[in-house]
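Worksheet: the structure to be examined is printed underneath.
The values are calculated or read from the model by the stated rules, or taken from the named source; none is laboratory data. What you are looking at is a predicted structure, and each value in this text was computed from that prediction instead of being measured. Using ideal geometry, Cβ is built from the backbone for each residue, glycine included, and neighbour counts are taken over all protein chains shown.
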Amino acid sequence: MNWRSERIWIELITGSRKTSNLCWACILLLGSLGFLLVGISSYIGRNLISLFPSQQIDFFPQGIVMSFYGIAGLFISSYLWSTILWNIGSGYDRFDKKEGIVCIFRWGFPGINRRIFLRVFMIDIQSIRIELKGGIYPRRVLYMDIRGQGSVPLIRTDDNLTPREIEQKAAESAYFLRVPIEVF
């Protein structure tokens, strides 16, 4: 959801609460629980999961390895669920012509720097830069070049925008900010 007028443009940025992240977190949680239950059932000698008879899996070395994979998967799954819960990377971009200020806000990991807030004067913005990299995993990123501060990404790197969509977004941003577009 975005909001735009002649003087103010607010663009909401989605974070880690995406369908694909939820699917991967669920798959990883269920898979790691399965591995851990198979390892535990091979240790105690009882079937905790009816699909895998515990008599066929010896605790040493298969049960230990299955338990290790289950515990490691639970740690990774807890990390994914934490990023989804905290909605890491979400925020907004606010372009205000009236005040001449661009505000970029993102949520980070909990701690002192949980709120990432960048305020820049529009006169300090040099250009909108498109970075295109081809290959097996193409990467298309839109940056805002700021005088004396480097580049700030305006879109997520995993948004998978088509070249036409990223060009459209760059053209809209450059037109609103009255800056040139650079392509790398």
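Among the residues of region 151-168, at least one is closer than 19 Å to Gly89 by Cβ, in a strand (DSSP E or B), assigned by TED's automatic domain parsing to the domain that holds Leu12 and small (Gly, Ala, Ser). Assess whether Arg106 counts as being surrounded by 13 or more Cβ atoms within 10 Å (Cβ to Cβ) and either modelled with pLDDT of 90 or more or touching an Asp or Glu at 6+ places or on another chain (Cβ under 9 Å) (or both). Yes, satisfied. Can you confirm whether region 124-142 contains a residue that is of a type outside the set (A, V, I, L, M), under 23 Å from Ser5 (Cα atoms) and not in a helix (DSSP H, G or I)? Yes, because at least one residue in region 124-142 is of a type outside the set (A, V, I, L, M), under 23 Å from Ser5 (Cα atoms) and not in a helix (DSSP H, G or I). Are any of the residues in region 92-108 at negative phi and assigned to a helix (DSSP H, G or I)? Within region 92-108, none of the residues are at negative phi and assigned to a helix (DSSP H, G or I). Listed conditions (1) farther than 15 Å from Ile13 by Cα; (2) assigned by TED's automatic domain parsing to the domain that holds Leu12 are all met by Gly108, apart from (1).
So which residues in region 1-19 are modelled with pLDDT under 90 and polar (S, T, N, Q)? Listed by number, the residues that qualify are Asn2, Ser5, Thr14.
Filter region 118-158 down to residues that are among the charged types (D, E, K, R) and over 15 Å from Val102 (Cα atoms), then give me how many there are.
So in region 118-158, the residues among the charged types (D, E, K, R) come out as 119, 124, 129, 131, 133, 139-140, 145, 147, 156, 158.
Okay, now just the ones that are also over 15 Å from Val102 (Cα atoms), so 129, 131, 133, 139-140, 156, 158.
The qualifying residues number 7.
Let's see how each residue does on (1) modelled with pLDDT under 90; (2) exposed (fewer than 14 other Cβ atoms within 10 Å of the Cβ); (3) touching a strand residue (DSSP E or B) at 6+ places or on another chain (Cβ under 6 Å):
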{"residue": "Phe117", "(1), (2), (3)": "no, yes, yes"}
{"residue": "Ile128", "(1), (2), (3)": "no, no, yes"}
{"residue": "Gly134", "(1), (2), (3)": "yes, yes, no"}
{"residue": "Tyr137", "(1), (2), (3)": "yes, yes, no"}
{"residue": "Ile146", "(1), (2), (3)": "no, no, yes"}
{"residue": "Gln149", "(1), (2), (3)": "yes, yes, no"}
{"residue": "Arg156", "(1), (2), (3)": "yes, no, no"}
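Yes or no: region 51-72 includes at least one residue that is out of contact with any strand residue (DSSP E or B) (no Cβ under 6 Å at 6 or more places or on another chain), in contact (Cβ under 8 Å) with a residue 40 or more places away in the chain and closer than 20 Å to Leu22 by Cβ. No: zero hits.
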